[in-house]
Amino acid sequence: MFVSKGDDTYKVYEQKNAIQKDCTLGTYYISKEKYESLSGFAIQPFDIIVSCAGTIGETYVLPRNIQKGIINQALMLIRLYYRDIEQFYLLYFDFILKEEAKNSSKGTAIKNIPPFDVLKNFYIPIPPLKEQIRILDEINKWMSFVELIETGTANLQNVIKQTKSKVLDLAIHGKLVPQDPTDEPASELLKRINPKTEITSDNGHYQKLPEGWVITPMQTLCALVDGEKQNGIERINLDVKYLRGEREAKVLTSGKYTAANTLLILVDGENSGEVFRAPVDGYQGSTFKQLSIHEEMYTDYVLQVINLHRKTLRENKVGSAIPHLNKKLFKAINVPIPPYEEQKRIVNAINQTFTTLDKIMENL
């Protein structure tokens with residue numbers, strides 16, 4: 001039924017005209033004969049078109065110089081007899097439409113436009129014209145206030161994310177909690193981890209660290225390993241689905257065994273560098289490595305250091321077809337090591353601060 005645009009053609013208005021508030025969008029046209037046969041759907045200047053499918057309830061007042069045409073089946077057309085009430089009518093209609101759509105769609109995932117016979121029978125209270133203006137002015141004032149709050153909320157969410165990053169940065173520079181001179185120096189701890197490791201207390205990035213701290217590459221403190229190969233034992237397959245919060249997994253009878261609570265690091269895909277604990281005993285998926293942290297280190301402190309470098313790890317993945325963790329970069333991360341007891345105090349301070357920030361975020 002559609003024809004190419006010409007001098008004697010008529011436009012077919014679509015849902016996107018209402019949603020995007022633009023009467024020029026769309027490329028569908030019909031002939032004069034088709035237009036006359038569908039004249040009941042013809043639009044006029046200042047008609048209100050309403051989106052009825054998918055994104056429902058978006059309204060748009062057609063301008064004076066509108067191109068002649070008809071609405072398609074995804075639009076509803078409203079024509080007021082008295083345009084002076086237009087703004088108040090749109091306000092109330094929007095409320096009715098959304099409330100009825102919500103009520104009529106209970107128990108279903110998709111909201112639908114209420115039937116015409118429901119909408120046509122609604123009573124709309126009409127105040128005096130001057131009171132309509134006062135009502136609209138008051139609503140506009142409060143809506144401006146709401147928009148300001150929403151903008152402030154978005155800004156505050158961004159500030160909270162930046163604050164978390166700053167807290168981590170302060171933590172591994174020794175500026176989050178006070179030092180205790182009675183703590184065993186980290187140099188003694190590092191000697192037990194690897195007696196051959198060269199001990200240093202500063203470098204180009206971490207200068208003027210607190211007394212008793214040392215610096216060493218990540219590879220000194222942890223390793224990326226696979227589980228032991230096992231056969232004939234049914235276990236739930238631990239794969240990337242666990243990162244996505246899914247729990248339905250097939251049962252495997254062989255693979256690289258991973259005990260529950262084992263730290264796993266994702267080495268393949270967009271989220272490579274993410275660390276989490278295996279929720280159940282299972283077999284290690286090919287997209288993971290076990291993160292084995294030396295027992296002389298406080299595990300959660302090392303995890304916070306990894307968390308601080310997560311953005312760098314994500315931005316420096318290697319491989320083209322399937323991006324994966326830059327293991328060389330990971331192993332070379334310089335880790336400032338405080339005394340063991342201070343590691344615990346730092347993690348406790350981070351957790352307390354993050355808990356407060358998370359509560360703020362939840363209540364925005």
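For a Förster distance of 51 Å, can you work out the FRET efficiency between the beta-carbons of Leu357 and Glu234, rounded to the nearest 0.05? Display every interim value, and only then the final one.
Values: r = 42 Å, r/R0 = 0.83.
Result of the calculation: an efficiency of 0.75.
Extending 7 Å from the Cα toward the beta-carbon at both Lys208 and Glu295 defines two label points whose distance is 3.9 nm.
Phe95 to Asn72: FRET efficiency via 1/(1 + (r/R0)^6), r the Cβ-Cβ distance, R0 22 Å, to the nearest 0.05? The formula returns an efficiency of 0.30 here. Shown here for the stretch 109-178: chymotrypsin sites (Phe, Trp or Tyr not before Pro) in loop regions (DSSP other than H, G, I, E, B) with at most 14 other Cβ atoms within 10 Å, namely Phe122, Tyr123. Using a Gaussian network model of the chain in which every pair of alpha carbons under 10 angstrom is joined by a spring, one finds that among Ala186, Ala349, Ala18 the greatest mean-square fluctuation is at Ala18. Estimated at 0.36 nm per residue, the fully extended path between Arg314 and Ala154 surpasses their Cα-Cα distance by 55.2 nm. At full extension, Ala259 and Lys166 could sit 30.1 nm farther apart than now, given 0.36 nm per residue minus the alpha carbon distance. Rounded if a/c is under 1.5, else prolate if a/b is larger than b/c, else oblate: which is the chain, with a ≥ b ≥ c the root eigenvalues of its Cα gyration tensor? In terms of gyration-tensor shape, prolate. Applying 1/(1 + (r/R0)^6) with r as the Cβ-Cβ distance of Glu184 and Asn348 and R0 = 25 angstrom yields a FRET efficiency of 0.85. Extending 7 Å from the Cα toward the beta-carbon at both Ile139 and Thr24 defines two label points whose distance is 2.9 nm. Cβ crowding within 10 Å, taken as a proxy for footprinting-reagent exposure, orders Phe330, Phe2, Phe288 from fewest neighbours to most as Phe2, Phe330, Phe288. Within the chain, DSSP assigns beta bridges of which about 85% are antiparallel (rounded to the nearest 5).
Sum up the charges of everything whose Cβ sits under 12 Å from the Cβ of Leu357, counting Lys and Arg as +1 and Asp and Glu as -1, but leave Leu357 out. Neighbour charge sum, excluding Leu357 itself: +2. Taking every alpha-carbon pair under 8 Å whose residues sit at least 6 apart, the chain reaches a relative contact order of 13 percent. Run through the DSSP bridge list for the stretch 163-362 and note the antiparallel percent, rounded to the nearest 5. Given both bridge residues lie in the stretch 163-362, the antiparallel proportion sits at roughly 90 percent. Helical runs assigned H by DSSP (4 residues or longer) give the chain a calculated mean residue ellipticity at 222 nm of -11500 deg cm²/dmol, each run adding -39500 (n - 2.57) before division by the residue total. Once the chain from Lys5 to Ala53 is taken as fully extended at 0.36 nm per residue, the excess over their C-alpha distance is 14.7 nm. Among Arg345, Arg134, the order by Cβ neighbours within 10 angstrom, fewest to most, reads Arg134, Arg345. Ignoring lysines fewer than eight residues from Lys161 along the same chain, the ones with Cα atoms less than 30 angstrom from its Cα are Lys175, Lys208, Lys241, Lys289, Lys311, Lys317, Lys327, Lys328, Lys331, Lys344, Lys359. The amide H of Gly26, built 1.01 Å from its N in the peptide plane, has no neighbour under 5 Å, considering only residues 5 or more places off or on other chains. Each of Leu91, Leu75, Leu308 has some number of other Cβ atoms within 10 Å of its Cβ, and from fewest to most they run Leu91, Leu308, Leu75.
Read the figures in this text as sums done on the coordinates, not as results from a lab. Computed from a prediction, not measured in an experiment: that's the story for all the values here. Cβ: placed from backbone, ideal geometry, glycine included. Neighbour counts: every protein chain shown.
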